[in-house]
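Structure first, commentary second.
The values are calculated or read from the model by the stated rules, or taken from the named source; none is laboratory data. What you see is a predicted model; the values in this text were computed from it and never measured. Positions of Cβ are backbone-derived with ideal geometry, glycine not excepted, and every protein chain shown enters the neighbour counts. Side chains included, ligands, DNA and RNA excluded: accessible areas come from the protein's heavy atoms. Shrake-Rupley method; radii C 1.70, N 1.55, O 1.52, S 1.80 Å.
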Amino acid sequence: MPERSRGWRVAAMVAATAVCGLMAACGAVAAIFSPLVFDRAGNMMNPLAWLGFILMIGFWVVCVLAPFGAWVAYRRGQEPLAWAAMALPLAWLTLLIAVLQFVPG
C-alpha cells in the first residue's frame, strides 16, 4: 500500500476537523435539550438517564477539544494518536446512542 503524501494527510485532518465542527453544532443543540431525558416519571432516579444526560452535555465539548488535541499530536509527529483523538467524538456518539436506547421516554 503506497504511503500517502503529507498534503493528503493534512487535507484529511482538515476534513475531519470540519466534520467535528458540524457535530459540535449538533451537540450544542442536543445539550440544550438534554434535560428532556428526565421528563418521564421516575427518570430522575434512573442512573442511565443521568449517564445519558452527562454524555449529551459532554458531547459538544468533546467535539471541540478532540480536533485541538489531534492537531497538537499531529504537529508533534504522533499521527496515530492524532487520528485516535479525531475519532473520539464518534466513539462518544456511539456510546451516547447506546445509552439513550435504554432510557425510557
So which residues in segment 53-80 are open to solvent by 20 Å² or more (accessible area, probe 1.4 Å), of a type in the set (A, V, I, L, M) and closer than 16 Å to Val14 by Cα, if there are any at all? Val64, Leu65, Val72
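Test Gly77 against the stated conditions and say whether it is out of contact with any helix residue (DSSP H, G or I) (no Cβ under 9 Å at 6 or more places or on another chain) and in a loop (DSSP other than H, G, I, E, B). First the steps, then the outcome.
Values: out of contact with any helix residue (DSSP H, G or I) (no Cβ under 9 Å at 6 or more places or on another chain): yes; in a loop (DSSP other than H, G, I, E, B): yes.
Yes, satisfied.
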Please determine whether any residue of segment 16-30 is open to solvent by 70 Å² or more (accessible area, probe 1.4 Å), touching a residue at least 40 places away in the same chain (Cβ under 8 Å), more than 30 Å from Arg76 (Cα to Cα) and out of contact with any Lys or Arg (no Cβ under 6 Å at 6 or more places or on another chain). no
